[in-house]
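**Q** Quick one: the structure is below, questions incoming.
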Amino acid sequence: MAMLIAVWGASAGMGKSTLCAGLSYWLADAGLKVDHFREEEILTRPQFGAVADMFRATGTVDVETLMAASAEFVSAVLESGDDVVVADALVPFVPTLLAMNYPDETIDAFMTDLTEVLAPLSPVMVFLDGRAEIGLSRAAAREDDKWLGWYVDKLGRYEVTPPVTDVASAVRYLQRERAVTLDAVRRNGWPLVMIEHADERSPVEVLQVAQRSLAPRVGGIV
């Protein structure tokens with residue numbers, strides 16, 4: 001049976017992409033066939049072509065298109081023979097739905113249906129928790145001096161709740177995004193690996209915590 005490891009975090013800068021790369025190497029070294037689904041690939045993977053086209057044309061995506069793409073993704077994974085997909089900020093799409101101003105009731109219904117669609121992949125979430133303000137500072141240091149302003153402006157254009165106009169309000173929004181994502185995952189019974197204080201840990205420590213938690217789920221790999 002294939003497995004989907006969905007990696008998320010409390011904000012940008014928590015180390016999601018670094019962790020995904022580390023997990024992918026670890027699992028491949030153990031002899032598993034691994035698909036590392038990078039965050040930017042949602043715009044180029046064929047199963048998400050309709051999602052990318054709709055977003056480019058309208059700036060939004062409807063839940064039906066997301067669900068259909070998810071079903072195509074599951075079929076593609078099963079056909080590929082991959083053992084594990086390590087997905088960087090892909091499912092469960094809660095931040096996307098919040099950015100598109102979908103109400104909580106719609107998100108709840110979507111998550112219930114998505115959980116059923118993803119069931120053949122036995123999804124598990126790895127969540128890098130920490131202080132959003134620290135994560136944003138780390139991301140800004142990693143990028144350039146314009147990144148933080150660009151990020152705040154992007155959230156502001158989506159008219160999210162609470163509204164974002166500066167870094168402090170971006171942190172408040174990210175706290176809501178975190179809460180809604182974790183609540184949706186827990187209510188729908190997804191196994192959840194919480195890596196607390198990820199903003200204070202080195203990438204090696206974060207990877208080690210994730211490995212210890214995931215090893216029993218991927219065949220007792222040590």
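**Q** Can you give the relative contact order of the stretch 92-215 as a percent, counting alpha carbon pairs under 8 Å and 6+ residues apart? Don't skip to the end; give the middle numbers.
**A** Details: 110 pairs, mean separation 46.3, N = 124.
Computed value for the stretch 92-215: 37 percent relative contact order.
**Q** Calculate the length of the line joining the C-alpha centroid of the stretch 82-144 to that of the stretch 165-202, in whole Å.
**A** The stretch 82-144 and the stretch 165-202 have Cα centres spaced 9 Å from each other.
**Q** Taking 8 Å as the Cα distance limit and 6 or more residues as the minimum spacing, I'd like the relative contact order of the chain as a percentage.
**A** On the way: 321 pairs, mean separation 68.0, N = 222.
The normalised contact order for the chain reaches 31 percent.
**Q** Sticking with this one: Kindly report the accessible area of the chain per residue (heavy atoms of protein chains, probe 1.4 Å, no ligands, DNA or RNA), in Å². Walk me through the intermediate numbers first.
**A** Working: 10450 Å² over 222 residues.
Ligands and nucleic acids excluded, the figure is 47 Å² per residue.
**Q** Tell me which GluC sites (Glu not before Pro) from the stretch 114-222 have a DSSP coil assignment and no more than 14 other beta carbons within 10 Å of their own.
**A** Numbers: sites: GLU116, GLU133, GLU143, GLU159, GLU177, GLU196, GLU200, GLU205; in loops: GLU143, GLU159, GLU196.
Those that pass, being in a loop and sparsely packed, are GLU143, GLU159, GLU196.
**Q** Expressed as a whole percentage, what fraction of the accessible surface of the stretch 66-212 belongs to carbon and sulfur atoms when a 1.4 Å probe is rolled over the protein heavy atoms?
**A** Numbers: 3430 of 6790 Å².
Carbon and sulfur together cover 51 percent of it.
The values are calculated or read from the model by the stated rules, or taken from the named source; none is laboratory data. These numbers were taken from a predicted model, which means no experiment stands behind them. Cβ: placed from backbone, ideal geometry, glycine included. Neighbour counts: every protein chain shown. The protein model used for the area step is the full one, side chains on, heavy atoms only, and it has no ligands, DNA or RNA in it. Shrake-Rupley method; radii C 1.70, N 1.55, O 1.52, S 1.80 Å.
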